[in-house]
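Below you'll find the structure, written out as structure tokens, and then a few comments.
The values are calculated or read from the model by the stated rules, or taken from the named source; none is laboratory data. Bear in mind the structure is a predicted one, so any value in this text is a computation, not a measurement. Cβ coordinates were reconstructed from backbone atoms using ideal geometry, including for glycine residues, and neighbour counts include every protein chain displayed.
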Amino acid sequence: MRLTHEPPAPRHYALMPLLIAGVVIVAVASLRLGPVTLSLDRLLAVVMGHGDPVATTILLDLRLPRTLIGLLVGAMLGLAGAVLQGYLRNPLAEPSVLGASNAAALGAVAAIYFGVAGWHPAMLPLLSIATGLVALLLLFTLAGRAESALTLILAGIAVSTLAGAGISLALNLSPNPFAAMEIMTWLMGSIENRSIDHVWIVLPCVILGGALLLIDRRALDALTLGEDGARSLGVDLRRTRTRLLLGVAIGVGGAVSVSGSIGFIGLIVPHLVRPLTDRSPSAILLPSLLGGAILLVAADILVRLIPTSSELKLGVVTAFLGVPIFLLHLLRERRTW
Amino acid sequence: MVTIRVEGLCARLGRRAVLHDIDATLAPGALIGIIGPNGAGKSTLVRAMLGLIDTTHGSVTIDGRAIATLPPRDRARAIAYLPQGQTLHWPLSVERLVALGRLPHLGPMSRIGAADHDAIVAAMARTDVAHLADRIATELSGGERARVMLARALAVGAPGLAVDEPLAALDPGHQIDVMQLLAREAQAGGLVIAVLHDLSMAARYCDRLLLLDRGRLVADGPPDAVLTQDRLRAVYGITSRIDLAATPPLVAPLDRWTADPDHGE
């Protein structure tokens, strides 16, 4: 009889330390790299409080908020993707599958369309989070008491499509090409030119949403056995669903409100880390959280370093990065699974 | 020790009434077989006893407490359940899968402890899957997987055990192993409820049989009282040869029975 490892532990013990190291490396790189490369000495000088004014401004006003937002948004998308794949028992689930991303984007688009976004930098994210929560109520109403994953996915598609239609309507009716352009640009997703105010908006959302998503990791494992199997193991599926949907609406809604829609991170990161764990839904949560943060910040560094005439958008880069990573993974899986 | 009492139970799935007015008291120390043709409501009865579906009338109590008011974790610790089929959504290792049976005993932050380990190891040994511990459960044969799933249910270590068609996909040797295992569980004081299709196995190992037909409990008692040719003809629509005095007792379905005069009777 061999029981060599504790069942809940990831199969690769080095996984978490490596991911944490990865987060530190991309964070430092993100602070250093850009149009002006800051040396580690100048970076440390600013941290110690005696840096030169140029370095201080670049670091504290530009790169620090950008890096923090990148880490928070990436972590949230990675975690939400992992949780939803486990909960819906569908490897194609991603943070936007239940409509939270589109709904949050609709709020932001409305803020731009009606000019509310101009009042205060916080207006756009706040309106965006608000529509995300309204969409959640709609989702609950549509899905009703049914606990099946399929019902929820169908309701999510309905909410998502409705929000998408609203966004198209705003583009259709936009008073001038500039307004349409502004909406399109926002929708592509970016964490450029964000201030520390944005960090304060996204931080509580990610902490609250993330906590709600992490509570039910045992329930996700139990759902491996199907809904009856999970309930016979003492899982209260109704409460689990409420917590998970709230977590996604608050966390992903908050992330999208600041960054715009950034695709693929939440879909591919769980697939990348899953083979390195024991493949149970709970084991991939924290690795996906860290992996999402790494991937998003790394993509954002690429945005800054690739020389283009007009600035690249983060959402465009993650989509381009995502496809080859996904294809590579698909080819590997086809041989083993 | 756990006793399940079912009184006047009615249940529907969707719009179809599946169970009508079922009364039964299932006391510990017995292996109780639930038999009946496809669609008779066997699985639904088990699921209702576990509180997994809403019932329309009647009550289910576990040790005197209404199932609906029992906290889910208490319910899970009282009765382990092996659902029909082999639903498994992720390719977990066998050991990890069996460990899921310990979930009702774990707090939200606690990890698998020594007692949990022992239960997992013992459950795998009892269903003869210890040698598969490191294999991926989705890559096993149907019979191996069925035994792994049974180990998962045993790992709960509950005084009650409800298994839905535990013999499907098993070879004859493992069918006997599983029935002996269930009988031993019952002898040790457990309440074991098994949905079965093999009437010989049911006659041989069960202390009591509940025969369901179209949602009604049509017979309830020891195998020799329940398994008669007339009843099998009425409920299953088959002619049969029944020899319950033999060792082991045999129930052999012979032919489809029809009211046609030159057929049967």
Requested in this report: Give the residue, chosen from A:SER39, A:SER101, A:SER30, that is within 18 Å of A:VAL206 (Cα to Cα) and in contact with a helix residue (DSSP H, G or I) (Cβ under 8 Å, 6 or more places away or on another chain).
Outcome: A:SER101
Query raised in the report: Which condition number in (1) in a helix (DSSP H, G or I); (2) in contact with a Ser or Thr (Cβ under 7 Å, 6 or more places away or on another chain); (3) not hydroxyl-bearing (Ser, Thr, Tyr) is the one that A:ALA117 fails?
Result: (2)
**Report entry** Leading residue by the ranking (farthest from the chain's Cα centre (by Cα)) among those in segment A:284-334 that are over 23 Å from A:LEU15 (Cα atoms) and of a type in the set (Lys, Arg)
**Finding:** A:ARG334
Query raised in the report: Restricting to segment B:107-121, what's the tally of residues that are more than 10 Å from chain A (Cβ to nearest Cβ) and modelled with pLDDT of 90 or more?
Result: 1
**Report entry** Single match in A:TYR113, A:TYR87 (criterion: within 28 Å of A:ILE129 (Cβ to Cβ), within 14 Å of chain B (Cβ to nearest Cβ) and crowded, with 18+ Cβ neighbours inside 10 Å)
**Finding:** A:TYR87
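Could you go through segment A:212-227 and let me know if any residue there is more than 14 Å from chain B (Cβ to nearest Cβ), touching a helix residue (DSSP H, G or I) at 6+ places or on another chain (Cβ under 9 Å) and small (Gly, Ala, Ser). Spell out the reasoning first.
Taking segment A:212-227 as the starting set, the residues that turn out to be more than 14 Å from chain B (Cβ to nearest Cβ) are none.
The answer is no, given that none of the residues of segment A:212-227 is more than 14 Å from chain B (Cβ to nearest Cβ), touching a helix residue (DSSP H, G or I) at 6+ places or on another chain (Cβ under 9 Å) and small (Gly, Ala, Ser).
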Query - Positions within segment B:201-228 being out of contact with any Pro (no Cβ under 8 Å at 6 or more places or on another chain), over 20 Å from B:GLY189 (Cα atoms) and not in a helix (DSSP H, G or I), in sequence order - result: B:LEU211, B:LEU212, B:ARG214, B:GLY215, B:ARG216, B:LEU217, B:VAL218, B:ALA219, B:ASP220, B:LEU227, B:THR228
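Here are some residues: B:VAL148, B:VAL163. Which one is part of a helix (DSSP H, G or I), touching a residue at least 40 places away in the same chain (Cβ under 8 Å), more than 10 Å from chain A (Cβ to nearest Cβ) and not charged (D, E, K, R)? Reasoning before the result, please.
On the way: B:VAL163 fails: part of a helix (DSSP H, G or I).
Exactly one of B:VAL148, B:VAL163 is part of a helix (DSSP H, G or I), touching a residue at least 40 places away in the same chain (Cβ under 8 Å), more than 10 Å from chain A (Cβ to nearest Cβ) and not charged (D, E, K, R), namely B:VAL148.
Is it true that A:GLY251 is more than 14 Å from chain B (Cβ to nearest Cβ) and crowded, with 24+ Cβ neighbours inside 10 Å? Spell out the reasoning first.
Numbers: more than 14 Å from chain B (Cβ to nearest Cβ): yes; crowded, with 24+ Cβ neighbours inside 10 Å: yes.
Criteria met by A:GLY251.
Could you check, for segment A:31-40, whether at least one of its residues is part of a helix (DSSP H, G or I) and in contact with a Gly (Cβ under 7 Å, 6 or more places away or on another chain)? Spell out how you get there, then give the answer.
Here is the first cut: in segment A:31-40, the ones part of a helix (DSSP H, G or I) are A:31-32, A:40.
Checking which are in contact with a Gly (Cβ under 7 Å, 6 or more places away or on another chain) leaves us with none.
Taking every residue of segment A:31-40 in turn, none turns out to be part of a helix (DSSP H, G or I) and in contact with a Gly (Cβ under 7 Å, 6 or more places away or on another chain).
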Report task. Just need a number here: residues in segment B:79-98 that are crowded, with 22+ Cβ neighbours inside 10 Å and either more than 7 Å from chain A (Cβ to nearest Cβ) or within 18 Å of B:GLY160 (Cα to Cα) (or both). Result -> 8
Query - helices (runs of 4 or more DSSP H) contained in segment A:202-311 and holding at least 2 residues among the aliphatic types (A, V, I, L, M) - result: A:217-222, A:237-259, A:265-273, A:285-305
